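As structure tokens, the structure follows; a few thoughts come after it.
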Ligand SMILES: Cc1cc2nc3c(=O)[nH]c(=O)nc-3n(C[C@H](O)[C@H](O)[C@H](O)COP(=O)(O)OP(=O)(O)OC[C@H]3O[C@@H](n4cnc5c(N)ncnc54)[C@H](O)[C@@H]3O)c2cc1C
């Protein structure tokens, strides 16, 4: 069993930043990462601090990894399937391997629910589908924007997008919006197409096919189909997720389990890179101060 000061579960922006901080505090740590950061979907981010020309998610992950490795962070490709409390810390397991540490940073993010179609990732790559209006509505300014998802959930998103474009259309995936929602859509100048249609992709743009077969094309579509949290590892620790699937933490990013921190999308309500790396800095600094003091020889 490998013993370190801290184990970071997840190698996205949150986990890699936490590891860089911990190593620069001269703490031993290992990053265990399954390799499917949400950031890999980002064709080009323009709100990531320090990149005025934009940066792709994959390029950003490469840089963050390079920065962590420059201070000798060990990054292991592994899907963690076990997180247990033991006397004085935690044991984390992946397959047959295990690591022991006094503290754990949970940075496992979340998984977007995408339209159930083989083309979904291609459509994201070319901006025909966008998953995060806070991230990139600016780039969609004045475009024909479709907002796809459950009728009960999409109006609020359409309202947000309406300040970027006069051409926003609700695409209710399940049922017709309520009368109140229809009134509100009219008030906002948001068009509503018949419910129960499906999204299609022609290699460049998405279309909405209504139940009667009518097709309407969009420059970009935001699907709001929800997330799956990646906090299954916590089940054994008795830490319930909140209603939105996120974890509750204190201002140091501590969960209610001593020594267990949670950072990034797995905990945040605002799923952004800048938030994830900020939380990582806070958690790593607190963890360093909480670990036993080690004077330099
Ligand atoms: C299309 C798209 C565009 C976006 N654009 C922007 C943008 O422009 N600006 C912005 O700020 N944000 C953007 N985001 C959001 C941003 O990607 C996330 O906020 C950010 O990636 C969160 O970082 P994280 O480290 O918390 O989680 P993630 O990046 O998701 O990383 C989590 C890591 O944990 C690993 N993991 C999960 N479970 C396990 C396990 N059991 N064992 C080991 N490893 C595990 C995963 O493999 C993954 O590598 C966008 C997201 C999407 C999908």
- If the chain between residue 237 and residue 63 were fully stretched, how many nm would it gain, using 0.36 nm times the residue separation less the Cα-Cα distance? 59.3 nm
- Of all DSSP beta bridges having both residues in segment 114-223, the percent classed as antiparallel (nearest 5) is 40 percent
- Message: Please compute the length gained on full extension between residue 47 and residue 3, using 0.36 nm multiplied by the number of residues separating them and subtracting their Cα-Cα distance.
- Response: 12.1 nm
- Query: How much mean residue ellipticity at 222 nm does the chain get from its helices, if each DSSP H run of length 4 or more adds -39500 (n - 2.57) and you divide by all residues, to the nearest 500 deg cm²/dmol?
  - Reply: -7500 deg cm²/dmol
- How far apart, in nm, are the 7 Å Cα→Cβ label points at residue 285 and residue 191? 5.0 nm
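Just rank 227, 21, fewest to most, by other beta-carbon atoms within 10 angstrom.
Working: 227 17, 21 24.
In order of increasing Cβ crowding within 10 Å: 227, 21.
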- Full-stretch length increase - residue 293, residue 82 - with 0.36 nm per residue and alpha-carbon distance subtracted: 73.1 nm
- Once both axes come from the Cα atoms, what is the angle between helix 57-69 and the longest principal axis of the chain, in degrees from 0 to 90, rounded to 10? 10 degrees
- Simple label model, 7 Å out from Cα along Cβ direction - residue 122 to residue 74, nm: 4.2 nm
- Listed residues 204, 280, 137, most fluctuating in the chain (Gaussian network, C-alpha, under 10 Å): 204
- Message: Using Cβ counts within 10 Å as a stand-in for footprinting exposure, how do 1, 105 rank, fewest first?
- Response: 1, 105
- Compare 235, 167, 254 in a GNM of the chain, Cα atoms joined below 10 Å, and give the one with the largest fluctuation. 235
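If I take R0 = 30 Å and measure r between the Cβ atoms of residue 210 and residue 163 in this structure, what FRET efficiency does the formula 1/(1 + (r/R0)^6) give, to the nearest 0.05?
Calculated transfer efficiency: 0.70.
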- Item | Modelled FRET efficiency - R0 35 Å, residue 142 with residue 36, Cβ distances, 0.05 increments | 0.55
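For segment 114-223, what does the alpha-carbon gyration tensor say about shape, rounded, prolate or oblate, given a ≥ b ≥ c as the root eigenvalues, a/c under 1.5 as rounded, and a/b over b/c as prolate?
Verdict is oblate for segment 114-223.
Every read-out reported here was derived from the displayed coordinates using simple, explicitly stated rules and does not represent laboratory data. These figures come from a predicted structure and were not determined experimentally. FYI the Cβ positions are ideal-geometry reconstructions off the backbone, even for glycines, and counts take in every protein chain you see.
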